[in-house]
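Trainee: Below you will find the structure I want to go over with you.
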Amino acid sequence: MRPETASDRVLSPEARIAVPAHVVYRSFPTETVVLNLETGKYHGLNPTAGRMIEAVERAGSVRAAAPQIAEEFEQPQAAVERDMHDLCQMLLERRLIEIERRNGR
């Protein structure tokens, strides 16, 4: 497995997702604050996106986390999976998560 880079545009729903050691985040009632310690940049996520990053980090992939978030927010699983995928793409491009694919590609 290799870490995915921002140049890899197709993220599989099964891709393994991790929050790297250089990223810390904390959730508050109105937002989740994410800090990239390498760049010193803060990023604010709305409460839904904050909950998604927590779920993806715990579950390890979008596919594994989507059912829980869909149930929690009473939304269709397919829509939640798409939204989580888009969020993960944005987080990847900002180096706030790392993606490792199981198939090594």
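Trainee: Can you confirm whether Ala21 is touching a helix residue (DSSP H, G or I) at 6+ places or on another chain (Cβ under 8 Å) and of a type outside the set (S, T, N, Q)? Walk me through it before giving the result.
Mentor: On the way: touching a helix residue (DSSP H, G or I) at 6+ places or on another chain (Cβ under 8 Å): no; of a type outside the set (S, T, N, Q): yes.
Taking the combined requirement at face value, the residue does not satisfy it.
Trainee: Are any residues in segment 61-70 more than 12 Å from Cys88 (Cβ to Cβ) and surrounded by fewer than 20 Cβ atoms within 10 Å (Cβ to Cβ), and if so, which ones?
Mentor: Ala64, Pro67, Gln68, Ala70
Trainee: Name the pairs whose Cβ atoms lie under 7 Å apart, with the first residue in segment 82-105 and within 14 Å of Ala15 (Cβ to Cβ) and basic (Lys, Arg), the second in a loop (DSSP other than H, G, I, E, B) and at pLDDT below 90, and 6 or more positions between them or separate chains?
Mentor: Arg101/Met1; Arg101/Glu4; Arg101/Ser12; Arg101/Ala15; Arg102/Met1; Arg102/Glu14
Trainee: Of the conditions (1) surrounded by 18 or more Cβ atoms within 10 Å (Cβ to Cβ); (2) in contact with a helix residue (DSSP H, G or I) (Cβ under 7 Å, 6 or more places away or on another chain), Gly50 satisfies every one except a single condition; which number is it?
Mentor: For Gly50, the exception is condition (2).
Trainee: Quick check on this structure: which one of Thr39, Thr30 is of a type outside the set (Phe, Trp, Tyr), farther than 19 Å from Leu11 by Cβ, out of contact with any Lys or Arg (no Cβ under 6 Å at 6 or more places or on another chain) and in contact (Cβ under 8 Å) with a residue 40 or more places away in the chain? Break it down stepwise before answering.
Mentor: Numbers: Thr30 fails: in contact (Cβ under 8 Å) with a residue 40 or more places away in the chain.
The match here is Thr39.
Trainee: Further question: Take Arg26 and tell me if it is surrounded by fewer than 17 Cβ atoms within 10 Å (Cβ to Cβ), basic (Lys, Arg) and either out of contact with any Cys (no Cβ under 7 Å at 6 or more places or on another chain) or farther than 12 Å from Leu96 by Cβ (or both). Full working, then the answer.
Mentor: On the way: surrounded by fewer than 17 Cβ atoms within 10 Å (Cβ to Cβ): yes; basic (Lys, Arg): yes; either out of contact with any Cys (no Cβ under 7 Å at 6 or more places or on another chain) or farther than 12 Å from Leu96 by Cβ (or both): yes.
Here the answer is yes, as Arg26 does meet what is asked.
Trainee: Further question: Could you list, in sequence order, the residues of segment 14-57 that are of a type in the set (Lys, Arg) and at pLDDT below 95? Even if it seems obvious, please write down each step before you answer.
Mentor: Keep residues of segment 14-57 that are of a type in the set (Lys, Arg), which gives 16, 26, 41, 51.
Residue satisfying the conditions is Arg16 alone.
Trainee: Looking at (1) surrounded by 15 or more Cβ atoms within 10 Å (Cβ to Cβ); (2) among the small types (Gly, Ala, Ser); (3) within 17 Å of Ser12 (Cβ to Cβ); (4) modelled with pLDDT of 95 or more, which is the only condition Ala78 fails?
Mentor: Ala78 satisfies all of (1) surrounded by 15 or more Cβ atoms within 10 Å (Cβ to Cβ); (2) among the small types (Gly, Ala, Ser); (3) within 17 Å of Ser12 (Cβ to Cβ); (4) modelled with pLDDT of 95 or more except (1).
The values are calculated or read from the model by the stated rules, or taken from the named source; none is laboratory data. Bear in mind the structure is a predicted one, so any value in this text is a computation, not a measurement. Heads up, the Cβs are rebuilt from the backbone with ideal geometry, glycines too, and the neighbour counts pull from every protein chain shown.
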